[in-house]
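Notes to accompany the following structure.
The values are calculated or read from the model by the stated rules, or taken from the named source; none is laboratory data. All of these numbers come straight from a predicted model, not from anything done at the bench. Positions of Cβ are backbone-derived with ideal geometry, glycine not excepted, and every protein chain shown enters the neighbour counts.
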Amino acid sequence: MTLSLENLTIRKKEGEVLFSDCSFNVKQGEILTLMGPSGCGKSTLLDIVAGHLSPEFVYQGQVLLNGKRIDMLEPHKRQVGILFQDDLLFPHLNVWENLAFALPNRIKGAERQEHAMNALASIRLNGVANHYPEQLSGGQRARISLTRMLLAEPKAALLDEPFSKLDKELRVQFRDWVVEQLRSANIPALMVTHDEDDIPDGSQVLKWPWESAAC
């Protein structure tokens with residue numbers, strides 16, 4: 001499973017080019033970090049992969065997952081998971097219900113709760129299964145958010161500065177845990193950040209301007 005961006009150019013509709021001719025591959029089990037300053041197009045690039053590009057932007061090029069072009073598909077058909085700065089848990093659902101919501105449709109009825117509870121046990125948070133997001137700590141919400149994304153069985157993962165709102169100590173712990181979980185899932189992952197400390201050890205990194213460092 002490989003996530004590939006080929007000759008990607010993004011511009012605003014009025015003409016300003018954010019970047020051009022950006023190409024790279026992220027292989028199965030790898031995490032590629034894109035470094036760049038605010039406003040350079042990091043989140044916009046992820047929006048193209050995920051299918052949520054704002055109408056103010058247009059792009060050229062293509063996005064492929066395992067050799068299949070996905071940028072022409074509807075977002076829910078791309079099988080791409082996203083982890084944002086904010087956890088985006090549903091406030092009206094408790095923890096296990098939040099997790100069960102993400103499960104594939106083939107898992108039915110009571111099995112959904114069983115799967116959710118097993119996932120919580122695996123991250124040692126089964127004690128908060130019936131809590132609501134507002135009752136959780138920032139670290140708990142972050143771990144549940146990533147677990148929910150992985151329960152959807154994505155074939156690739158996107159991370160949009162997921163550690164930026166955590167305090168320093170929690171940030172280090174959560175970052176290491178996220179890297180471990182993504183590598184265990186054995187899917188390609190693309191992360192954008194402006195903080196060099198976020199780069200996983202031994203992983204690929206492209207620094208701005210990306211078009212001069214295509215790989």
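Among the residues of segment 96-115, those identified as surrounded by 13 or more Cβ atoms within 10 Å (Cβ to Cβ) and within 20 Å of the chain's Cα centre (by Cα) are Asn98, Leu99, Ala100, Phe101, Ala102, Leu103. Scanning segment 44-87 for residues that are among the aliphatic types (A, V, I, L, M), under 25 Å from Asn105 (Cα atoms) and surrounded by fewer than 17 Cβ atoms within 10 Å (Cβ to Cβ) yields Leu64, Met72, Leu73.
Within segment 1-17, can you find the residues that are more than 18 Å from Asp47 (Cβ to Cβ) and either touching a helix residue (DSSP H, G or I) at 6+ places or on another chain (Cβ under 6 Å) or modelled with pLDDT of 90 or more (or both)? Selection gives Thr2 alone. Return yes or no: is Ala189 hydrophobic (A, V, I, L, M, F, W, C), crowded, with 20+ Cβ neighbours inside 10 Å and either touching a Phe, Trp or Tyr at 6+ places or on another chain (Cβ under 7 Å) or under 28 Å from Gly41 (Cβ atoms) (or both)? Judged against the criteria, Ala189 is a match.
Restricting segment 183-210 to residues that are in a helix (DSSP H, G or I) and closer than 23 Å to Val80 by Cβ, which is farthest from the chain's Cα centre (by Cα)? This residue is Trp210.
What are the residues in segment 10-34 that are closer than 19 Å to Ile82 by Cβ and either without any contact (Cβ under 8 Å) to a residue 24 or more places away in the chain or not in a loop (DSSP other than H, G, I, E, B) (or both), if any? Listed by number, the residues that qualify are Ile10, Phe24, Val26, Ile31, Leu32, Thr33, Leu34. Annotation: of all residues in segment 13-32 being exposed (fewer than 14 other Cβ atoms within 10 Å of the Cβ) and in contact with a strand residue (DSSP E or B) (Cβ under 8 Å, 6 or more places away or on another chain), the one that is farthest from Asn66 (Cα to Cα) is Lys13.
For the residues Glu134, Glu180, the requirement of being surrounded by fewer than 20 Cβ atoms within 10 Å (Cβ to Cβ) and either assigned to a strand (DSSP E or B) or free of Cβ contacts under 8 Å to residues at least 12 places away in the same chain (or both) singles out Glu180.
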